[in-house]
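Asker: Quick one: the structure is below, questions incoming.
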Amino acid sequence: METRVSNALRDDDLLDVMPPDEPMGWVDTAWLRMDSASNLMLIVGVWVVQPRVHYADVCRRVTACMRLYPRFMQRVRRAATGYTWTLDPNFDITRHVVPETLNLAPGQDVQQALQDRLGELAMQPLDMNHPLWQFHWVEQLGPTGPGHAGQAQRGSALLVRIHHCVADGMALMAVTHALTDDGLALAAGRSARRPQTVPTPQAALQSITRAAVGALETAGDLAVNALHGVQQGLDGGAALVRQAAQGVRDAAALAFMVNDSPTRLKGPLAGHKRVAWCAPLPLREVQAVAHGLHCSVNDVLLSCVTGALGAYLRDLGDNVAGQEIRAMVPVNLRSVQDLDQLGNKFGLAPVLLPLGLDHPVERVYEVRRRMADMKGGLQPLLSMGLLGLGGAVTQPGQDLLINLFSSKTTAVVSNVMGPRSKLRFCGATVEQDLFWVPQAGSVGVGISIFSYGGHVQFGLIADTALCPQPRDIVDRFEPEFAKLSWVALMLPWENLA
């Protein structure tokens with residue numbers, strides 16, 4: 001069957017949409033070179049769809065999507081001045097959409113089997129001789145074979161692996177939406193209206209770092225003028241001074257980050273991953289709690305993450321009083337017009353999570369305060385500029401930069417608002433949609449918060465040396481939310497209106 005599918009797709013004449021070779025931008029180069037034996041820079045995810053979808057239909061849908069995103073037919077080639085995206089002359093759809101059978105161990109359910117397989121795939125390198133992505137299609141979920149008659153679950157699953165150098169999470173959301181029944185036509189319309197530009201690596205670096213470096217230069221100039229009292233009464237001068245001062249503070253905060261608290265969630269990595277996710281929480285309930293406590297949905301969810309991590313460590317006998325761990329939170333820096341452009345356009349904001357605060361209300365308000373302090377800052381832009389510089393320098397120079405920041409970080413926490421309605425794929429419904437971004441350097445814990453189809457799900461990916469059973473943390477997310485929910489229910493009803 002695979003040969004017939006492959007030949008049919010080659011006859012579909014995909015090559016007529018291929019762009020010329022493109023130089024890779026410096027930020028994307030940094031992500032390409034960040035792979036290590038203990039951390040691969042793979043964005044991994046899973047779709048669970050109902051009912052079952054056949055493998056050949058998936059191949060045809062993915063091929064149609066590639067007309068809009070030909071980058072997925074390009075491989076990375078080393079050039080004299082960096083890296084280049086170039087057509088894979090041996091492209092074969094069946095190399096990238098791989099049929100897979102989910103083997104369930106005795107007593108294992110489907111979700112556990114998916115989690116185990118995704119953990120394995122997160123540490124399997126992609127072939128650099130071909131485009132850096134692979135979809136694993138589990139056509140039939142549930143146990144099959146002798147002794148399992150009538151027990152097969154009607155449904156399929158898509159396990160996704162895409163190298164971070166291809167695109168960031170926000171861009172890949174547009175790609176995955178283009179795979180859906182309604183999204184393909186919409187994406188085609190946007191693609192037809194989108195101007196085609198091929199930036200050079202130098203231009204990409206300049207566009208990324210100009211604002212960051214310029215802010216620092218302006219900060220220095222204005223700071224000197226302010227000290228000497230040479231303040232001109234120009235329109236916008238005060239705002240410019242505030243922005244410059246913010247740039248100085250944020251640059252200093254990034255450069256002189258202190259170490260976060262030592263916990264068992266930080267240390268030498270084994271290079272093996274495990275994945276777990278919890279049952280969906282109704283988004284309306286989260287919104288009601290946030291409204292009742294006068295904070296944002298993000299504040300509530302991040303507080304639940306903090307509480308779950310603290311409870312996990314306390315239950316293992318660790319003293320978390322006064323301890324804080326640093327989480328790097330990806331921040332989107334794309335404009336609305338760039339949402340479906342590939343590549344990486346995001347920064348990282350460091351947030352200290354107060355593990356030692358046991359009271360749920362005290363913790364959520366402290367998280368709210370810290371998130372408010374982060375908003376409006378330039379740290380995400382500065383961190384993106386540093387990534388661009390890392391990609392422009394030699395590999396040892398980039399490694400030094402990455403190791404410096406990862407040594408002061410315990411986890412990566414991504415929080416993304418996905419589609420409000422459930423997506424349709426080849427006539428089936430995408431019942432669950434989860435993803436995880438990679439952890440770089442010595443960071444071994446990644447937490448995903450994803451809102452989809454009216455629900456929110458927490459997911460965890462962790463190195464086995466730091467957290468042998470991620471389920472032990474994931475199972476604590478819902479109880480932490482329940483604590484805040486009980487508090488909100490005791491408030492006056494007009495607060496929840």
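Asker: Does ASP299 meet the test of being at negative phi, in the same structural domain as ILE461 (by TED's automatic domain parsing) and surrounded by fewer than 17 Cβ atoms within 10 Å (Cβ to Cβ)?
Answerer: On the way: at negative phi: yes; in the same structural domain as ILE461 (by TED's automatic domain parsing): yes; surrounded by fewer than 17 Cβ atoms within 10 Å (Cβ to Cβ): no.
So ASP299 does not fit the description; no.
Asker: Got at least one residue in the range 251-269 being touching a Leu at 6+ places or on another chain (Cβ under 9 Å), farther than 23 Å from VAL329 by Cβ and either surrounded by 13 or more Cβ atoms within 10 Å (Cβ to Cβ) or modelled with pLDDT under 95 (or both)?
Answerer: For the range 251-269, residues touching a Leu at 6+ places or on another chain (Cβ under 9 Å), farther than 23 Å from VAL329 by Cβ and either surrounded by 13 or more Cβ atoms within 10 Å (Cβ to Cβ) or modelled with pLDDT under 95 (or both): absent.
Asker: Part of a helix (DSSP H, G or I) and crowded, with 21+ Cβ neighbours inside 10 Å, is that true of VAL364?
Answerer: Considered against the rule, which asks whether it is part of a helix (DSSP H, G or I) and crowded, with 21+ Cβ neighbours inside 10 Å, VAL364 comes out as yes.
Asker: Select from the range 281-296 the residues that are surrounded by fewer than 16 Cβ atoms within 10 Å (Cβ to Cβ) and not in a helix (DSSP H, G or I) and list them in ascending order.
Answerer: Matches in the range 281-296: PRO282, HIS294.
Asker: So which residues in the range 96-123 are touching a strand residue (DSSP E or B) at 6+ places or on another chain (Cβ under 8 Å) and either assigned to a loop (DSSP other than H, G, I, E, B) or not assigned by TED's automatic domain parsing to the domain that holds ASP35 (or both)?
Answerer: Listed by number, the residues that qualify are THR101, LEU102, ALA122, MET123.
Asker: Going by the conditions given, is VAL110 at pLDDT 95 or above and not small (Gly, Ala, Ser)?
Answerer: Spelling it out, it is not the case that VAL110 is at pLDDT 95 or above and not small (Gly, Ala, Ser).
Asker: Just one of LEU121, LEU114 is touching a Lys or Arg at 6+ places or on another chain (Cβ under 7 Å) and surrounded by 18 or more Cβ atoms within 10 Å (Cβ to Cβ); which is it? Please lay out each step first, then the result.
Answerer: On the way: LEU114 fails: touching a Lys or Arg at 6+ places or on another chain (Cβ under 7 Å).
Exactly one of LEU121, LEU114 is touching a Lys or Arg at 6+ places or on another chain (Cβ under 7 Å) and surrounded by 18 or more Cβ atoms within 10 Å (Cβ to Cβ), namely LEU121.
Asker: Something else about it: Take the range 95-120 and flag every residue that is of a type in the set (A, V, I, L, M) and closer than 24 Å to ASN39 by Cα.
Answerer: VAL97, VAL98, ALA113, LEU114, LEU118
Asker: I've got another one for you. In the range 368-390, is there at least one residue being in a helix (DSSP H, G or I), in contact with a Gly (Cβ under 9 Å, 6 or more places away or on another chain) and without any contact (Cβ under 8 Å) to a residue 24 or more places away in the chain?
Answerer: no
Asker: Further question on the same structure: In the set LEU357, LEU316, LEU382, which member is crowded, with 20+ Cβ neighbours inside 10 Å, within 28 Å of PRO470 (Cβ to Cβ) and not charged (D, E, K, R)?
Answerer: Testing whether each residue is crowded, with 20+ Cβ neighbours inside 10 Å, within 28 Å of PRO470 (Cβ to Cβ) and not charged (D, E, K, R) leaves just LEU357.
Asker: Residues that are in contact with an Asp or Glu (Cβ under 6 Å, 6 or more places away or on another chain) and closer than 17 Å to SER156 by Cα: does the range 57-68 have at least one?
Answerer: No; the residues of the range 57-68 include none that is in contact with an Asp or Glu (Cβ under 6 Å, 6 or more places away or on another chain) and closer than 17 Å to SER156 by Cα.
The values are calculated or read from the model by the stated rules, or taken from the named source; none is laboratory data. Remember, it's a predicted structure, so these values are computed and weren't measured experimentally. A quick note on method: Cβ atoms are made from the backbone with ideal geometry, for glycine too, and the neighbour counts reach across all protein chains shown.
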